[in-house]
1. In the stretch 28-35, is there at least one residue being assigned by TED's automatic domain parsing to the domain that holds Pro86 and within 30 Å of Glu90 (Cα to Cα)?
2. Output the residue which, of all residues in the stretch 42-60 that are of a type in the set (D, E, K, R) and surrounded by fewer than 10 Cβ atoms within 10 Å (Cβ to Cβ), is nearest to Phe9 (Cα to Cα).
3. Of the residues in the stretch 19-41, how many are surrounded by fewer than 11 Cβ atoms within 10 Å (Cβ to Cβ), hydrophobic (A, V, I, L, M, F, W, C) and more than 17 Å from Thr66 (Cβ to Cβ)?
4. Just name the residue that is farthest from the chain's Cα centre (by Cα) out of those in the stretch 38-67 that are of a type outside the set (S, T, N, Q) and over 30 Å from Asn82 (Cβ atoms).
5. Looking at the structure I just gave you, is Lys21 among the charged types (D, E, K, R) and at pLDDT 95 or above?
Amino acid sequence: MEREDFKDFGNVYKSKTLMMKKRNENGDKIVWRSIKWFKFEKKDPYKVYYKNTLAVDENFHVINMTKPVSRRATENTTTLENLIIPLCNENPPNISVEKKKDLLSLLKHIPSVYHSYYTTYSPS
């Protein structure tokens, strides 16, 4: 994975576009700790499909993550499509000079294809 693959999804929560639910679409209580299998479908970006088991023949439960619109609320203009999700860290993590020295001493144990990563990394 690359650094660009790590995103800060705090904006999704702060935007109030999605909402953590306590019950699924059938009205059953969601026990988040017991979920074993998540499934996400591109056609339903606001729904989370899950199972509490790894059994292939069991049906998925569905969580609708959209926030319910109240009668007084105006139309929610924030959608997943126009939500900006920033990187977790704009810069690579800082390491000390001693840490870099230790990493460089381990290069003989690291495949040569990865050497450039360690040699070009600059300490803070």
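1. No.
2. Of everything passing the filter in the stretch 42-60, Lys42 is nearest to Phe9 (Cα to Cα).
3. The number of residues fulfilling the criteria is 2.
4. By that ranking, first place goes to Asp57.
5. The answer is no for Lys21.
The values are calculated or read from the model by the stated rules, or taken from the named source; none is laboratory data. Keep in mind that this is a model prediction, so the values were computed, not measured. Positions of Cβ are generated from backbone atoms using ideal geometry, with glycine treated the same way; all protein chains shown enter the neighbour counts.
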